[in-house]
Structures are given as structure tokens and as C-alpha cells.
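Visitor: Before we start, here is the structure in question, set down as C-alpha cells.
The values are calculated or read from the model by the stated rules, or taken from the named source; none is laboratory data. What you see is a predicted model; the values in this text were computed from it and never measured. Using ideal geometry, Cβ is built from the backbone for each residue, glycine included, and neighbour counts are taken over all protein chains shown.
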Amino acid sequence: MLGASFISTIIGTKLPGDGALWYAQNLEFLLPVRVGDEIIIKASVIKKIDRTQSIELSTEIYNQNRQKVTTGTAKVRLVEQEQPVSEIEKPVNKVALVVGGTGGIGRAACIQLAKDGYDVAVHYNRNKGLAEEVRDQVIGLGRRAFITNADIVDLGLVQEMISDTKRKLGIISVVVNCTTLNVASMKFSDLEWEDMFNHIELNIKGSFNIMKCVIPEMELNKYGKIINITTQYVDDPKPELAPYITAKSALDGFTRAVAFELAPKGIRVNSVSPGMTETELLANVPEKVRLLTAAQAPLRRLARPEDVAGAISFLASEKSDYLTGETIRVNGGQIML
């Protein structure tokens, strides 16, 4: 049995080595092994089972006279040693696609990411002139940039946008999805399903299409960051905003579900949840409501686009590599979870 114990040495250090689970062994003792004998232990693979990731070994022991003293078979399972996500080599290429790059938060995100050293693809829907201004600002910061237009609900157009970005800037390492529809207050009695559908289609189908196109490359690189913009109203609903809150709540769940699945592949998917932010979307919000909201915030003001961009910057950076499926709330302390 002392001689047979050396079979463990072979399995644990040589064949197959580290990570091997030796779970079965049969032995037949043919001749005695005496004090002073010199023995040689041999192991040979005789069977491989892919389904269970296991192998079967022929195990034999010989003495100094080349006599076989012990024979048998061993069964070994290969326990996969996955490389920790945090240790995966980071890509050299720093390219960010900002979807909705002409909105208040989108513009601030483009500028902040450029300051962080990213080349930026500025996506726009209608306002080409403003997209060109954002592009020029990024270039002025010493980074490459170009503008791109696509209806993200159309998978074919999204594929073209991603291909165009790769061709002009390189492989995308960060995606920031800032796109949204105008938020109109509407009583439930006045709602049509189309009102709900439009928000859901943009937030869920649009996000789905973008992820479908960028994730394969991120999987190959074993690294990537996807950042979705939700809203404080998911945690603190307000009346007459059912389509918007419903769609952003769905996006919140979608983000966490995908984050869980993609984590072992080195891809982090997170959300930023702004409170009321000083952007064009507040044009229809009465001044009294803005002042009241600011007064209720512990920090006594509304969020600025740059505040939200700061959270996006963190999630895009290596400083957030141990964060996925999380929501960073930028609301001045109005919601504390």
C-alpha cells in the first residue's frame, strides 16, 4: 500500500496534475514489495470521457528487476481552474460607444470619458449638429471621435453602427446607454398600450440589440463594460409616469439578469440611476416642482449631468472591476438603500 500511495503523487503533480480529483482506484497486488526495493510507478491514459471531464488511467508498479508487483486502474476527474475575472488582462484599446450622446447626460458622459482617455463614438437620433459639437469637444481633448446615427430598435442598423465604430476606432470596450424618450405626464385613464410599448421597445429591445452586437467581441477579449441609465423613479415612483417607470424597471431587471450570466466572461453590466437632473428633459417640469425636489434632497440641489457622468466614469474604469449587476444612485441622498 505504501507503493500504491505514490500513484497519488503522479495524479496530483504529473498526470493530469493540479486540479485533479482522484475518485476511484482498484488494485491487484501481484508480488510483495520488500524493504530496500526500488520501485517505478507508471500511469497511462486509457480512456477519456468528455461529458464528465474525466479520464481513466492504467496504474502499474515495477520493482528493480522489472517485475510488475502491482496493477490497477484509476479514475480522475478534471476540476476546471477558471482564471479569476479580476486577473484577466485588460484591453489596451479604450473605445466607448455612448448611445444617446446628444442628451444632457450623454454629452457629459462623452466629455468625461474623453478626459479618461477613451476614444468616443457619439450616437445621435435626430440632432446631428449637436452630435458634431460633442464630437469636436472630444477631439479637442486629444481623443478620436466620430458621430453615428442608428435607430437602436432596428437590429440591422445597430449592427452597422457597431461595425462602423470598430472600423473607425477599434473594438468597443465600454458601452453607455443613455437613450430615452421624452417623459410626458399622463394619467392611466388616458394611456394607450402604444404609449407603454414605445418606452419598453426603446429601453429593452434597444438595449437587447446593442448587447447582442457588442457582447461577442467582449467575450473574445474577456473584458467589457456595459452601463445602462435607469431612474430614481424605479425606487420612488411618481404618478402619471407609468410608461417610463415600467420600462426603466424592466431595464433594471434586464441589467441584473445579464450581469449574472456574463460575469464569468469578464463582462460587467451595471446601472446608474439619476434623480431629477438638470437636462432638457426637465423643460416641462414646473419650477415649483424642481425647487421642492431640490429642497428635499439632503444635498439641497438637483443632480447635474456631470454628477451622473462621474458615476459612469467610475463604472467604465478598472476601479469598478469587482462590481457587476449593481445600481449606483446619483440623487443627492434622496434614496438611500
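Visitor: Regarding Ser313, is this residue in a strand (DSSP E or B), in the same structural domain as Gly103 (by TED's automatic domain parsing) and small (Gly, Ala, Ser)?
Guide: On the way: in a strand (DSSP E or B): no; in the same structural domain as Gly103 (by TED's automatic domain parsing): yes; small (Gly, Ala, Ser): yes.
So Ser313 does not fit the description; no.
Visitor: Return yes or no: is Thr231 of a type in the set (Ser, Thr, Tyr), at pLDDT 95 or above and within 17 Å of Thr179 (Cβ to Cβ)?
Guide: Here the answer is no, as Thr231 does not meet what is asked.
Visitor: Can you tell which of Ala114, Ala121, Ala96 is assigned to a helix (DSSP H, G or I) and modelled with pLDDT of 95 or more?
Guide: Only one candidate qualifies: Ala114.
Visitor: For segment 141-174, how many residues are assigned to a helix (DSSP H, G or I) and over 12 Å from Val120 (Cα atoms)?
Guide: So the count comes out to 11.
Visitor: Collect the residues in segment 160-188 that are modelled with pLDDT of 95 or more and within 19 Å of the chain's Cα centre (by Cα), keeping them in residue-number order.
Guide: Ile162, Ile172, Ser173, Val174, Val175, Val176, Asn177
Visitor: Here's a follow-up. Out of Ser163, Ser207, I need the residue that is without any contact (Cβ under 8 Å) to a residue 24 or more places away in the chain, assigned by TED's automatic domain parsing to the domain that holds Tyr124 and of a type in the set (Ser, Thr, Tyr). Which one? Before you say what the answer is, go through the steps one by one.
Guide: Working: Ser207 fails: without any contact (Cβ under 8 Å) to a residue 24 or more places away in the chain.
From the options Ser163, Ser207, the qualifying one is Ser163.
Visitor: Next question. Being β-branched (Val, Ile, Thr), touching a residue at least 40 places away in the same chain (Cβ under 8 Å) and either over 17 Å from Gly332 (Cα atoms) or out of contact with any strand residue (DSSP E or B) (no Cβ under 8 Å at 6 or more places or on another chain) (or both) is the filter here, so list the residues in segment 223-255 that pass it. First the steps, then the outcome.
Guide: Step one: of segment 223-255, the residues β-branched (Val, Ile, Thr) are 226-227, 229-231, 234, 245-246, 255.
Filter once more, keeping what is touching a residue at least 40 places away in the same chain (Cβ under 8 Å): 226-227, 229-231, 246, 255.
Listed by number, the residues that qualify are Ile226, Ile227, Thr246, Thr255.
Visitor: Looking at segment 181-217 only, could you name the residues that are touching a Pro at 6+ places or on another chain (Cβ under 6 Å) and closer than 16 Å to Asp154 by Cα? Give the steps one after another, and end with the answer.
Guide: From segment 181-217, those touching a Pro at 6+ places or on another chain (Cβ under 6 Å) are 195-196, 199; that's our starting set.
The answer is His199, and nothing else.
Visitor: Okay, moving on. Can you tell me which of Val183, Val175 is in contact with a Gly (Cβ under 9 Å, 6 or more places away or on another chain) and either buried (at least 16 other Cβ atoms within 10 Å of the Cβ) or on the phi < 0 side of the Ramachandran plot (or both)?
Guide: Val175
Visitor: Is it the case that segment 198-207 has a residue that's under 19 Å from Val95 (Cβ atoms) and surrounded by fewer than 23 Cβ atoms within 10 Å (Cβ to Cβ)?
Guide: no
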